[in-house]
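We did not get these values from a lab; they are worked out from the coordinates using the rules stated. The structure displayed is predicted, hence computed values, not measured ones. For neighbour counting, all protein chains shown are included, and Cβ atoms are generated from backbone atoms with ideal geometry for every residue, glycine included.
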Amino acid sequence: MQSKLQNYISNSALPQVLKLLEHDNLLVKVKNERKTRHGDYMRLPNGKHQITINSNLNKYRFLITLIHEIAHFEAYKGYGRFIKPHGIEWKRTFQHLMLPFLNPENFPNNLLPLLAKHFKNPKASSDTDVKLALALKQFDEPNDKTYIFEVPMGSNFKLYNGKIFQMGKKRVKRYECIEIKSGKLYLFNPNAEVELLN
């Protein structure tokens, strides 16, 4: 486990993470990128528990995602299987597990205030916290994508699944975009990454 995880998280965080993973019934798998999620937790039919994390995450997002999924496992153990996936039991567990990691040994100083704010009331996905998501993305490998908030009004863009949209106006936080093929209106978070078309 140690040799697998040391490629994805910082050396300073590794001992604490390994202590959290000291369970015979918990498996961690690193997977190829999935566009719709960074990781997931599942109780397997044989009674064991499995966490999967995307391999393409930067080390800060990987750590946050791993602790997010461990919190699902710990909340299940502590409160049973009838709790809401991202309800109060999970939130408290996630906060408790994440707190020891929120220091300059594990995260850059510019991320710590954003993380502290996020963990006052953690969301189902750190991507819905736009400021935190944008700050985390600065540590990703460079790519040819454009953020939605940078797309000019009326321009067309393409998603990873090939669907093409036209950029519309901004609502309070999200952007209205029309899918070209169906004419349906969709709302996009400002930090969504898309391929700008000419």
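State, as an integer percentage, the relative contact order of the range 2-137 based on alpha-carbon contacts under 8 Å between residues 6 or more apart.
Details: 144 pairs, mean separation 25.8, N = 136.
Taking the mean separation of contacting Cα pairs over the length of the range 2-137, I get 19 percent.
Extension gain, Asn46 to Lys137: 0.36 nm times the residue separation minus the Cα-Cα distance gives 29.1 nm.
Working note: Karplus 6.51/-1.76/1.60 with θ = phi - 60° gives the range 124-137 the couplings 4, 9, 5, 5, 7, 8, 4, 4, 5, 4, 5, 5, 5, 5 Hz, where Gly and Pro are set to x.
Between the beta carbons of Ala124 and Phe149, assuming R0 = 22 Å, the FRET efficiency works out to 0.50 to the nearest 0.05. For the chain, the fraction of C-alpha pairs farther apart than 28 angstrom is 34 percent. Considering only C-alpha atoms, what is the centroid distance from the range 126-198 to the range 13-48, in Å? The two parts, judged by their Cα centres, are 30 Å apart. Using bins 5 angstrom wide from zero, how does P(r) for the range 1-106 break down, in % of all Cα pairs? Result returned by the calculation: 2, 12, 24, 25, 21, 12, 3, 0.
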